[in-house]
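Have a look at the structure below before the remarks.
The values are calculated or read from the model by the stated rules, or taken from the named source; none is laboratory data. Worth saying up front: this structure is predicted, and the values here are computed from it rather than measured. So basically every Cβ, Gly included, is an ideal-geometry build from the backbone, and we count neighbours across all protein chains shown. Surface areas here come from the heavy atoms of the whole protein model, side chains and all, with no ligands, DNA or RNA. Shrake-Rupley method; radii C 1.70, N 1.55, O 1.52, S 1.80 Å.
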Amino acid sequence: MGALIRIDGVTKRYCSTNGTVTPLNRISAEIPQGRLVVLMGPSGTGKSTLFRLLNRLENPDVGEITYQGIPLTKWDPVRLRREVHYVHQTPILFLDTVEENLSYPLSLQGKKASTERMREVLEQVGLPESFLKRHVDELSGGERQRVNLARSLMLDPPVLMLDEPTSSLDPKSVDTVEKMMIRARDQGRTVLLISHSREQAERVADVLWQLEEGRLIPGQVMR
Amino acid sequence: MSTTATVATLGFIVIAMALSLWLKLKLEREILIATVRAAIQLMAIGYVLQLIFDADRWYFVLGMIFLSILVASRNSASRGVGIPWIFIRVFVTIATVSGLTLGMMLGLNMIEPRPQEMIPISGMLVGNAMVVSSLLLNRMKENAETMKEEILVALSLGATGAQASRRATHRAIRSGMIPIIDSMKTVGLVQLPGMMTGLILAGTSPVEAVRYQLLVMFSFTASSALVSILLGLMVYPTLFNSAHQFVGWKQRMEDR
């Protein structure tokens with residue numbers, strides 16, 4: 001199976017008051033299509049930075065990333081972000097109701113989201129259709145996290161990058177979201193997951209990557 | 001008002017300085033400097049205006065308006081430090097909006113093309129535009145920081161820079177508009193506006209003074225909206241680069 005995404009000698013540096021920080025230092029890896037890759041590592045080791053680079057919210061200082069064999073810089077960034085989609089860790093729901101939030105990604109493209117599709121994505125994250133009318137201020141932390149994920153599923157992206165999507169969830173909801181990830185992988189989507197839980201990695205990962213001190217240790221094949 | 005009475009107005013300053021001394025506020029020096037500056041600036045502008053009124057030449061009027069826009073833009077642009085080309089953006093906004101509003105007033109015969117009407121009205125328009133643009137820039141800078149995460153999430157969801165910053169821009173525009181809307185709600189109930197008061201003191205009938213005041217307030221509403229929208233539209237794109245990546249303003253300042 002060929003590489004869908006290729007990371008080639010990527011370095012990312014940030015200037016801070018304490019000097020230069022290098023969360024990613026000459027990392028190289030390949031992400032095959034239709035695999036579920038779990039990315040682990042201590043806090044602050046550049047896992048979210050890698051997602052921002054893949055989503056092209058930022059550019060690497062050195063090196064190149066390609067998607068479908070084409071450098072990210074050659075892609076229309078807006079289209080790329082819909083395809084190689086990054087679900088942020090903090091669930092920021094900026095519109096009033098769940099329905100409005102779920103409609104938002106398609107409204108950006110001038111499209112209307114069907115109730116049927118919204119019901120489907122809510123179901124995938126273990127929430128009932130009645131949530132559509134709920135105001136986001138009434139939601140618990142776990143519910144917000146699941147609506148955040150459902151909103152991204154509205155895009156139906158071929159690559160889904162999830163930044164600790166189960167961090168505020170109860171065990172039953174964790175199970176629902178893990179099943180959703182596995183189902184997405186089984187449907188041919190590529191899933192990248194940042195997780196701090198070794199048990200979760202063992203449950204869902206096809207491949208396990210470790211990020212430590214700016215270095216990526218890829219390729220532990222789990223299944 | 002006689003010269004003696006004008007000099008006597010300094011009595012109010014003496015009261016303020018005495019209170020400062022008594023309460024040990026240490027504001028006497030500041031009050032003194034502000035008093036001298038206000039007196040010199042206003043006397044100077046009084047003589048300049050007298051000269052312009054006597055000369056009655058359109059280019060003097062234009063020069064005066066241009067100067068006020070220049071000073072207002074400089075002052076307002078200081079609120080947007082870090083935003084690229086901010087002085088030019090503010091200048092274009094204030095000049096365009098003031099020009100349009102003034103042109104409309106002249107075109108619809110609301111005011112006469114005389115220096116005695118053009119200069120005070122344009123001064124108020126430019127002053128209002130300056131306050132609105134300062135408020136807008138303050139709020140936009142604040143929103144660019146506080147709403148950064150939201151903007152990044154929107155970008156990740158496939159928003160363009162314009163779409164991602166729409167809520168932040170709308171909020172800033174609203175905050176620029178609210179003061180004028182609020183002041184219209186209470187005008188005449190809480191205080192009589194300065195222009196109307198001045199006209200009444202100068203002997204104009206209250207009804208005629210009200211007409212001028214309405215003209216000014218209504219035109220302020222339109223110009224506030226125009227300034228907010230125009231400047232907002234000119235400023236928000238500078239938050240992003242051509243790849244719709246959020247680059248912010250503070251970061252740019254550090255890069256320089």
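Counting only heavy atoms of the protein chains, get the accessible area per residue of the protein assembly as shown (1.4 Å probe) and round it to a whole Å² value.
Numbers: 24690 Å² over 479 residues.
About 52 Å² of surface per residue is accessible.
For the charge dipole of chain A, defined by +1 on Lys and Arg C-beta atoms and -1 on Asp and Glu C-beta atoms about the Cα centroid, which residue among A:122, A:200, A:48 has the Cα displaced farthest towards the positive pole?
Positive-most Cα among the choices belongs to A:48.
Could you work out, residue by residue across B:234-244, how many beta carbons of other chains sit within 10 Å of that residue's beta carbon, and then give the average as an integer? Before the final figure, lay out the partial values.
Details: counts 0, 0, 0, 0, 0, 0, 0, 2, 1, 11, 7.
Per residue, the average neighbour count from other chains is 2.
The protein assembly as shown: Rg/Rh from Cα coordinates, Kirkwood Rh?
On the way: Rg = 30.2 Å, Rh = 26.8 Å.
That ratio is 1.13, to two decimals.
Which of the peptides B:214-220, B:41-47, B:97-103 is most tightly packed, and how do the rest follow, going by the mean number of other Cβ atoms within 10 Å of each residue? Let's see the in-between values first.
On the way: B:214-220: 17.4, B:41-47: 10.4, B:97-103: 19.6.
The densest-packed peptide leads the list: B:97-103, B:214-220, B:41-47.
At a 10 angstrom cut-off on C-beta neighbours, averaged per residue, how do the peptides A:203-210, B:29-36, A:156-163, A:182-189 rank from highest to lowest? Working shown, then result.
Numbers: A:203-210: 19.9, B:29-36: 12.6, A:156-163: 21.9, A:182-189: 14.2.
Going by the mean number of other Cβ atoms within 10 Å, highest first, we get A:156-163, A:203-210, A:182-189, B:29-36.
A plus B alone minus the pair: what accessible area, both sides summed, probe 1.4 Å, in Å² to 100?
Numbers: alone 10650 and 15730 Å², together 24690 Å².
Rounded to the nearest hundred, the buried surface is 1700 Å².
How much FRET efficiency would the formula 1/(1 + (r/R0)^6) give for residue B:178 and residue B:146, where r is the Cβ-Cβ distance and R0 is 25 Å, rounded to 0.05? Could you put the intermediate results ahead of the total?
Working: r = 18 Å, r/R0 = 0.72.
Between residue B:178 and residue B:146 the formula returns 0.90.
Considering every pair of different Cα atoms, what Kirkwood radius, in Å, is found for chain A? Display every interim value, and only then the final one.
Working: mean 1/r = 0.0557 Å⁻¹.
With all distinct Cα pairs of chain A included, I get 18.0 Å.
So if I take the centroid of the Cα atoms in the stretch B:198-223 and the same for the stretch A:125-153, what is the distance between those two points in Å?
If we compute the Cα centre of each part, the gap is 53 Å.
Give me the dipole magnitude in Debye, nearest 20, for the stretch A:1-133 about the Cα centre, with unit charges on the beta carbon: positive for Lys and Arg, negative for Asp and Glu.
On the way: 17 positive and 14 negative charges, 68 e Å.
In total the dipole reaches around 320 debye.
Quantify how strongly other chains surround peptide A:75-81 by giving the mean number of their Cβ atoms within 10 Å of each of its Cβ atoms.
Details: counts 1, 2, 9, 10, 1, 3, 7.
Whole-number average of other-chain Cβ neighbours for A:75-81 is 5.
If you plug each phi of the stretch A:146-151 into the Karplus form 6.51 cos²θ - 1.76 cosθ + 1.60 with θ = phi - 60°, what whole-Hz ³J(HN,Hα) values come out, in order, with x for Gly and Pro?
So the Karplus estimates, Gly and Pro as x, are 6, 5, 4, 5, 4, 4 Hz.
Can you compute the radius of gyration and Dmax for the stretch B:162-256, using only the Cα atoms, both in Å?
19.6, 61
Please give the net charge around residue A:83, taking every other residue with its beta carbon less than 13 angstrom from that of residue A:83, where Lys and Arg add +1 and Asp and Glu add -1.
Numbers: positive: A:56, A:79, A:81, A:82, A:189; negative: A:76, A:156.
Here the charged neighbours net out to +3.
Compute the relative contact order of chain B as a whole-number percentage, counting only Cα pairs closer than 8 Å that sit 6 or more residues apart in sequence. The partial results should precede the final answer.
Values: 209 pairs, mean separation 54.9, N = 256.
Relative contact order here is 21 percent.
What do you get for the angle between helix A:171-186 and the principal long axis of chain A? Use alpha-carbon atoms, 0 to 90 degrees, nearest ten.
70
Computed over the Cα atoms of the stretch B:1-141, what is the convex hull's projected area averaged over all directions, in nm²?
11.6
For a label point 7 Å from the Cα of residue A:130 along Cα→C-beta, name the residues of the stretch A:73-109 whose backbone N is under 17 Å from it.
A:98-99
Can you find, among B:197, B:67, B:216, the residue sitting farthest towards the positive end of the charge dipole of the protein assembly as shown, where Lys and Arg contribute +1 and Asp and Glu -1 at Cβ?
My answer, from the dipole projection, is B:67.
Once you put a point 7 Å from the Cα of residue B:233 and another 7 Å from the Cα of residue A:167, both along the Cβ direction, what distance in nm separates them?
4.0
Taking H placed 1.01 Å from N in the peptide plane, check which residues at least 5 places from residue A:62 or on another chain put their amide H under 5 Å from its amide H.
The list, which skips near neighbours in sequence, is A:11.
Against the longest principal axis of chain B, how steep is helix B:28-55, in degrees 0 to 90 to the nearest 10, with axes from Cα atoms?
Result, in degrees: 80.
Quick one: pull the percent of accessible area on the stretch A:166-223 belonging to carbon and sulfur, 1.4 Å probe, ligands and nucleic acids left out. Kindly include the intermediate steps, with their values, before the conclusion.
Details: 1420 of 2920 Å².
Heavy-atom surface of the stretch A:166-223 belonging to carbon and sulfur, 1.4 Å probe: 49 percent.
Across peptide B:156-169, what mean number of C-beta atoms from other chains lies inside 10 Å of a residue's C-beta?
Numbers: counts 16, 17, 15, 8, 3, 2, 0, 5, 2, 0, 0, 2, 0, 0.
Across the residues of B:156-169, the mean count of other-chain Cβ atoms within 10 Å is 5.
Find which of A:157, A:104, A:140 sits farthest along the positive direction of the dipole of the stretch A:76-223, computed with +1 on the beta-carbon of Lys and Arg, -1 on that of Asp and Glu, about the Cα centre.
A:157
Tilt of helix B:166-186 relative to the longest C-alpha principal axis of chain B, in degrees (0 to 90, nearest 10)?
Once rounded, one gets 20 degrees.
Using the C-alpha gyration tensor of the stretch A:135-200, what are the square roots of 5 times its eigenvalues, in whole angstrom, with the largest one first? Write out the running numbers ahead of the final one.
Working: eigenvalues 76, 48, 19 Å².
Each semi-axis is the square root of five times an eigenvalue, giving 20, 15, 10 Å.
Efficiency by 1/(1 + (r/R0)^6): what FRET value for residue B:36 and residue A:76, r their Cβ-Cβ distance, R0 = 60 Å, to the nearest 0.05?
Details: r = 61 Å, r/R0 = 1.02.
Rounded to the nearest 0.05, the efficiency is 0.45.
Suppose a student asked you for the relative contact order of chain A, using Cα pairs under 8 Å spaced at least 6 residues apart; what percent would you report? Could the numbers behind the result be given before it?
Working: 420 pairs, mean separation 63.3, N = 223.
Here the relative contact order equals 28 percent.
Within the stretch A:1-159, what percent of beta bridges assigned by DSSP are antiparallel, to the nearest 5?
Numbers: 17 of 18 bridges.
Around 95 percent antiparallel, to the nearest 5.
Taking the simple approach of a point 7 Å from Cα along Cα-to-Cβ for both residue B:9 and residue B:24, what is their distance in nm?
In this crude spin-label approximation the distance works out to 3.4 nm.
For the protein assembly as shown, what is the charge dipole size about the Cα centre, in debye to the nearest 20, if Lys and Arg each add +1 at the Cβ and Asp and Glu each add -1 at the Cβ?
Numbers: 51 positive and 43 negative charges, 98 e Å.
Computed charge dipole of the protein assembly as shown: roughly 460 debye.
At a 1.4 Å probe, what is the % contribution of carbon and sulfur to the accessible area of the stretch B:1-85?
Working: 4790 of 6620 Å².
Of the solvent-accessible surface of the stretch B:1-85, carbon and sulfur hold 72 percent.
Can you work out the FRET efficiency for the pair residue A:217 and residue A:64, with r the C-beta to C-beta distance and R0 = 25 Å, to the nearest 0.05? It would help to have the intermediate numbers written out before the result.
Details: r = 20 Å, r/R0 = 0.82.
Efficiency, rounded to the nearest 0.05: 0.75.
Sort B:121-127, B:190-196 for me by packing, meaning the mean count of neighbouring Cβ atoms within 10 Å per residue, highest on top. Intermediate results must be reported in sequence, preceding the final value.
Values: B:121-127: 21.4, B:190-196: 14.9.
Descending mean neighbour count gives B:121-127, B:190-196.
Express as a percent, rounded to the nearest 5, the fraction of DSSP beta bridges in the protein assembly as shown (both residues included) that run antiparallel. Please list the in-between numbers first.
Details: 23 of 41 bridges.
That works out to approximately 55 percent antiparallel.
Quick one: length gained pulling residue B:2 to residue B:167 fully straight, 0.36 nm per residue minus the C-alpha distance?
Details: separation 165, 0.36 × 165 = 59.40 nm, distance 5.45 nm.
Full-extension gain reported as 53.9 nm.
For the residue pair residue B:62 and residue B:117, what label-to-label distance in nm results when each label sits 7 Å from Cα along the Cα-to-beta-carbon direction?
The modelled label-to-label distance comes out at 2.0 nm.
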